[in-house]
Amino acid sequence: MSRIAACFTRLRAAGRKALIPFVTAGDPHPAVTVPLMHALVEAGADILELGIPFSDPMADGPVIQQACERALLHHTSLRHVLEMVREFRADNDITPVVLMGYLNPVEVMGYEIFARAAAAVGVDGVLTVDLPPEEGSELIACLREHRLDPIFLLAPNSTPARVKKICAAASGFVYYVSLKGVTGAASLDTEAVARKLKEIRAVTDLPIGVGFGIRDGDSAARVAAVADAVVVGSALVSKIGALAGTPDKIPAQAAAVIAEMRRAMDHQSVSGDR
Amino acid sequence: MSKLIDSLPDANGHFGVYGGRFVAETLMEPLEELRLAYEKYRSDPAFLAEFDADLSHYVGRPSPLYFAERWSRDLGGAKLYLKREDLNHTGAHKINNTIGQALLAKRMGKTRIIAETGAGQHGVASATVAARLGLECVVYMGAEDVQRQAANVFRMKLLGARVVPVTSGSKTLKDALNEAMRDWVTNVDHTFYIIGTVAGPHPYPAMVRDFQSIIGREARAQILAIEGKLPDALVACVGGGSNAIGLFYPFLDDESVRMIGVEGGGDGVASGRHAAPLTAGRPGVLHGNRTYLMEDADGQIIETHSISAGLDYPGVGPEHAWLKDLGRAQYVAITDDEALAAFHALTRIEGIIPALESSHALAQAAKLAPTMSEDQIIVVNLSGRGDKDIHTVAAREGITL
């Protein structure tokens, strides 16, 4: 069983939901990333999403754009990101790691070389934001061959036919983008999310992660009530950005953000069981 | 060679391995909605009649095909004809496309127009059609370009558009495009994104080409009427490549007609400071399509350099990438200095001040003409007028206005 599937099986048995923090690799400095990953796991993260910095992050709001810019100041490349995962895996062989980024760095490295290297260092899933399944057959085949889960986005305006097509191409989990817009945008309509998740569950048994608009314990708990996983990006990354001048403080303070969400989600699931 | 016109893109927007639709999921449905609308209206007689009427009465088409007799004699060799897109309303070819897309926006019930712009010509052309149709208009422009093109910024504001300076990344055209995409993804229900060039996700490259191909259709008929034969070569500048594809496309199946696209060579291709992805870049994925890009070894997009803001773009339309690989068109780079020399030559010899973008095409034509005989013909796309560039030229030459 893949690390991602094992993770969701474990959580399901425990009646808990997955908490998935997103951080951009190399932000604000490459030396911060691996200690930060460990701190997030200790604070209650179940899966880690590691962003591959890109010069033109078209689907991201200002918070993650700036994280990319900070990481690129130190020339954090896809190769460095893979090295960070290798280093993380030396001390943690359980927590799944999903790489999230844009296609061009992967395309430049070469799909086969990338997939082989990612599998070798202990990556579990890959989400290329600007690669819909229609354009993705070649990369998907490479990922599958190396037992990596291709993870795709679903959006509020994805038609039923597209939801079906995307779920057929995906494994591990699918990632529902809870609102139209870029990362870090406005607030969240939990009821609309619940309605759409019902539609998605009708066509797939894959766990569903929900991201965009989750910024604190309360919104995390509300999403956890309807989803299998809660993805937290901009709220965490903006905390990291604010501490860019004092990188030593980042692991502990970022962990505090995640710990608060963890508590809220677990409390919610306990009260939900009653 | 098999027939090229109407052969591509395929159903998924591919020109060979180029083009396609590389966007986040939220944009997939809006792009499909746009494709369906465009497929419907591109053969709708009422739509086409309105488009043609606007091109005649609002843009001022057909634009003349002007024989640059003195300049041809001066260079010695082929006869040079200039397709005068600089005489269009708003001063460049950009308006052909914005008229078409705005008419489509209206039919799709969209009330808000957004656009990206580099030099400001596409922004002005978008603000112009938005004013005429009473649509809200927001133009994204790199903060650097806002500084460089103050007159066009004011023009857009006069026309009622809101100009948003983009401060992310390199603060130029590519970043403006990123920001416009972000706006679109957020406001997609009522907003129409008018992309200004033949790049971006399907159906933009094909749609913009179709709207711009009026340039080549007219030029083809005009040269046949004037000279009784087809030209030997077509020359046009290539940033994203909309004026070039507009001229080239109707000639694609005329095998005797050479096509030369001219990229911004900046300080020279060897210097690394240029904007010539077809000449010196390699294929990758950016802004929704696979095409030639300026990128580093890690796949990060690198900053481009050109005296002309309209050519200062790290990608290029996917159809050009395909035409290059196919060998149907050739692509070369012209340096800032060569473009400036051509800018002055045309101004002094023909009394026409060309845009710096178009000056790149003129410089290449000036190299080519003396290698050809006097009974041969070159058609150059004079894609825009140079009024917007006089401050750049003056500053470059140490003159304070």
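What distance in nm separates the simple spin-label points at B:Asp189 and B:Ile349, each placed 7 Å from Cα in the Cβ direction?
With each label point 7 Å from Cα toward Cβ, the separation is 5.8 nm.
Using a 10 Å cut-off on Cβ atoms, rank the peptides B:334-347, A:14-27, B:62-75 from the highest mean neighbour count down.
Sorting B:334-347, A:14-27, B:62-75 by mean packing, highest first, produces A:14-27, B:334-347, B:62-75.
Could you tell me the calculated FRET efficiency between A:Ala252 and B:His89, based on Cβ-Cβ distance and R0 = 60 angstrom, to the nearest 0.05?
0.45
Given the DSSP H assignment, sum -39500 (n - 2.57) over each helix run of at least 4 residues in the protein assembly as shown and divide by its residue total; what's the result at 222 nm in deg cm²/dmol, nearest 500?
Calculated mean residue ellipticity at 222 nm is -13500 deg cm²/dmol.
Give the calculated FRET efficiency between B:Leu158 and B:Thr400 to the nearest 0.05, with a Förster radius of 35 Å applied to their Cβ-Cβ distance.
About 0.85, to the nearest 0.05.
Membrane-span-like helices in chain A: DSSP H runs reaching 18 Å or more (Cα, own axis), mean Kyte hydropathy at least -1.0?
In chain A, the long hydrophobic H runs are A:30-42, A:250-273.
Along Cα→Cβ, 7 Å out, is where each label goes; now give me the distance between the ones at B:Ser271 and B:Ser256 in nm to one decimal.
4.1
Rounded, prolate or oblate: which fits region B:43-179 when a ≥ b ≥ c are the square roots of the eigenvalues of the alpha-carbon gyration tensor, with rounded for a/c under 1.5 and prolate only if a/b beats b/c?
oblate
Quick query: amide H of A:Asp149 versus all other amide H atoms, modeled in the peptide plane; which residues come in under 5 Å with a sequence gap of 5 or more or a different chain?
Close amide H contacts, sequence-distant or interchain: A:Gly125, A:Val126.
How many Lys pairs in region A:96-247 lie less than 24 angstrom apart by Cα atoms, where the lysines are 8 or more positions apart or on different chains?
Lysine pairs satisfying the spacing and distance rule in region A:96-247 number 9.
Taking one equal scatterer on every alpha-carbon of chain B, how large is log10 of I(q)/I(0) by Debye at q = 0.11, 0.12, 0.13, 0.14 1/Å?
The Cα Debye sum returns log10 ratios of -0.72, -0.87, -1.04, -1.23.
Multiply the residue separation of B:Tyr58 and B:Ile390 by 0.36 nm, subtract the distance between their alpha-carbon atoms, and state the gained length in nm to one decimal.
116.9 nm
Using Cβ counts within 10 Å as a stand-in for footprinting exposure, how do B:Arg84, B:Arg107, B:Arg385 rank, fewest first?
If I rank by nearby Cβ atoms, fewest first, I get B:Arg107, B:Arg84, B:Arg385.
For region A:225-233, just list the computed ³J(HN,Hα) in residue order, Karplus coefficients 6.51, -1.76 and 1.60, θ = phi - 60°, integers in Hz, with x standing in for Gly and Pro.
Taking θ as phi minus 60°, the curve returns 5, 10, 9, 8, 8, 10, 9, 10, x Hz for region A:225-233.
What list do you get for A:Cys68, B:Cys237, A:Cys7 if you sort them by fewest beta carbons within 10 Å?
The order, fewest Cβ neighbours first, is A:Cys7, A:Cys68, B:Cys237.
Under 14 Å Cα-Cα from B:Lys324, which aspartates and glutamates qualify once same-chain neighbours fewer than 8 residues away are excluded?
Leaving aside aspartates and glutamates fewer than 8 places away in the same chain, those within reach of B:Lys324 are B:Glu263.
Take peptides A:172-178, B:159-165, B:325-331, A:79-85 and line them up by average Cβ neighbours within 10 Å, highest first, as a rough protection proxy.
Most protected by this proxy first, the peptides run A:172-178, A:79-85, B:159-165, B:325-331.
Remind me, relative contact order of chain A in percent, using alpha carbon pairs under 8 angstrom and six or more residues apart?
Reported as a whole number, the value is 24 percent.
Partner chain Cβ atoms within 10 Å, averaged over the residues of A:49-58 - can you pull that number for me?
That works out to 6 on average.
How high is the FRET efficiency from B:Ala11 to A:Asp93, r the C-beta distance, R0 41 Å, rounded to 0.05?
My answer for the efficiency is 0.35.
Along its principal axes, what span do the Cα atoms of region A:147-274 show, with the longest given first and each in whole Å?
The Cα atoms of region A:147-274 stretch 48, 36, 33 Å along the principal axes, largest first.
When we measure straight from the Cα of B:Lys171, which aspartates and glutamates land under 17 angstrom away, once same-chain ones fewer than 8 places off are left out?
Result set, ordered by chain and number: A:Asp56, A:Asp60, A:Glu69, B:Glu116, B:Glu144, B:Asp145, B:Glu179, B:Asp183, B:Glu295, B:Glu303, B:Asp312.
Count, for each residue of B:173-181, the Cβ atoms from other chains sitting within 10 Å of its Cβ, then give me the mean as a whole number.
The shielding value for this peptide is 3.
What do the square roots of 5 times the Cα gyration tensor eigenvalues come to for chain A, in whole Å, largest first, as semi-axes of the equivalent ellipsoid?
Equivalent ellipsoid semi-axes, largest first: 25, 23, 18 Å.
Roughly how big is the protein assembly as shown's charge dipole about its Cα centre, with Cβ charges of +1 (Lys, Arg) and -1 (Asp, Glu), in debye to the nearest 20?
In total the dipole reaches around 1140 debye.
Check which residues have an amide H placed less than 5 Å from A:Val230's amide H, if you skip close sequence neighbours.
A:Ala18, A:Leu19, A:Ile20, A:Val210
Is there a simple number for the mean count of other chain Cβ atoms within 10 Å of the Cβ of residues in B:163-169, and what is it?
What the average comes to for B:163-169 is 2.
Quote the relative contact order of region B:270-399 in percent (integer), defining contacts as alpha-carbon pairs under 8 Å separated by 6+ residues.
It rounds to 18 percent for region B:270-399.
Any idea how far the Cα center of region A:123-163 sits from the one of region A:48-116, in Å?
Here the answer is 16 Å between Cα centres.
Considering amide H positions built from the backbone, and no H for Pro or chain starts, which residues 5 or more places from B:His14, or on another chain, come under 5 Å of its amide H?
Close amide H contacts, sequence-distant or interchain: B:Gly20.
Return, for the Cα atoms of the protein assembly as shown, the radius of gyration and Dmax in Å, separated by a comma.
According to the Cα coordinates of the protein assembly as shown, Rg and Dmax are 26.3, 92 Å.
Any idea what the alpha-carbon Rg over 2.2 N^0.38 Å comes to for region A:111-213?
This ratio for region A:111-213 stands at 1.11.
Which listed residue (A:Gly44, A:His146, A:Ile240) has the Cα farthest towards the positive end of the charge dipole for chain A, taking +1 on Lys and Arg C-beta and -1 on Asp and Glu C-beta about the Cα centre?
Farthest along the dipole direction, towards plus: A:Gly44.
Could you name the lysines in cross-link range of B:Lys79, using Cα to Cα under 22 Å and dropping any fewer than eight places away on the same chain?
B:Lys229, B:Lys367
In whole angstrom, how far apart do the alpha carbon centroids of region B:343-362 and region B:63-140 sit?
With region B:343-362 and region B:63-140 each reduced to a Cα centre, they are spaced 18 Å.
Would you please put B:266-272, A:251-257, B:245-251 in order of how densely packed they are, using the mean number of other Cβ atoms within 10 angstrom per residue and starting with the highest?
B:245-251, A:251-257, B:266-272
No lab work stands behind these numbers, since they all come straight from the coordinates. Just so it is clear, the model here is predicted, and its values are computed rather than measured. Ideal geometry is used to build each Cβ from the backbone, glycine not excepted, and the neighbour counts take in all protein chains shown.
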